[in-house]
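Report on the following structure.
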Amino acid sequence: MLDIKDLTYRYKTQNQENIYNFSLNAKKGEIVGIVGASGNGKSTLLDLISGFLEPIEGDIVCDGTSLIGLSPQKRPMTILFQNYNLFEHLSVEKNIRLGIQGKIEQKKIYEILQLVGLDGYENKTAKTLSGGQQQRVALARSLLRDKPILLLDEPFTGLDFDTRMLMLKLVKDITKTKNLYTMMVTHELSDCDKIADKVYEVKNGKLTLL
């Protein structure tokens, strides 16, 4: 179980103070959709979960272990952004190995590429790939880290409709296959309708289950 309990964050400017308070839970293999207008706290929620912001109170518990106080590098999560963050001159394999510490067997690389539908692409350079294929490389890199929490931050914005639908299905299949806790932030409620097990709306710094 992934349990976010009264996670509270205070953001101050010279003119105002915003207080965010989040509570939600997810089971293994579930996709949680997070929707809401810009400025209401979607990015703040992801930053709190990932450890880039620290709450003033509350807790994040994953499989019985609190994540509060852990650095982003030590948290059991990975993030897939709208920006793929690939090095265009590097091969697919080199891109997905970036940032991974320790030795990774070649068999593991092939398994991950097959999982995202890119088997046989390991030696192609990133610049030769389509936008959808590049996003698959970014997803493969996230999965290679083998973390139980997958955070999706508007990852499919800019993809054409057919590619977007394929990526949504891929995320759903992988979430179920690998028993992930997947949280997807999106402006598109229709994306949530297609793959999310539950959907929360962020409004004025709070979550409401739709």
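The values are calculated or read from the model by the stated rules, or taken from the named source; none is laboratory data. Quick caveat: nothing in here was measured; it's all calculated off a predicted structure. Because the Cβ atoms are built from the backbone with ideal geometry, glycine has one as well, and the counts that use them run over all protein chains shown. Remember, those area values only see protein heavy atoms, side chains included, never the ligands or the DNA or RNA. Shrake-Rupley method; radii C 1.70, N 1.55, O 1.52, S 1.80 Å.
Looking only at region 65-86, decide whether some residue is of a type in the set (Gly, Ala, Ser) and touching a helix residue (DSSP H, G or I) at 6+ places or on another chain (Cβ under 7 Å). Checked against the condition, which is being of a type in the set (Gly, Ala, Ser) and touching a helix residue (DSSP H, G or I) at 6+ places or on another chain (Cβ under 7 Å), region 65-86 yields no hits at all. Within region 55-74, restricting attention to residues that are among the charged types (D, E, K, R) and at pLDDT 95 or above, the residue that is least open to solvent (accessible area, probe 1.4 Å) is ASP59. The residue list LYS42, LYS5 contains one member that is surrounded by 14 or more Cβ atoms within 10 Å (Cβ to Cβ) and within 16 Å of the chain's Cα centre (by Cα), which is LYS42. Residue selection: GLY132 satisfies the criterion of being small (Gly, Ala, Ser), free of Cβ contacts under 8 Å to residues at least 40 places away in the same chain and either part of a helix (DSSP H, G or I) or farther than 30 Å from VAL61 by Cβ (or both). Criterion applied to ASP197, ASP160, ASP191 was being of a type in the set (D, E, K, R), open to solvent by less than 20 Å² (accessible area, probe 1.4 Å) and either at pLDDT below 90 or closer than 25 Å to SER43 by Cα (or both), and the one residue passing it is ASP191.
Go over the candidates GLY51, GLY29, GLY33, GLY41 one by one and state the one that is touching a strand residue (DSSP E or B) at 6+ places or on another chain (Cβ under 9 Å), touching a residue at least 12 places away in the same chain (Cβ under 8 Å) and on the phi < 0 side of the Ramachandran plot. None of the other options fit; the residue is GLY33. In region 173-183, the residue that is nearest to LEU143 (Cα to Cα) out of those that are of a type outside the set (A, V, I, L, M, F, W, C) and either surrounded by 17 or more Cβ atoms within 10 Å (Cβ to Cβ) or under 11 Å from the mean Cα position of the chain (by Cα) (or both) is THR175.
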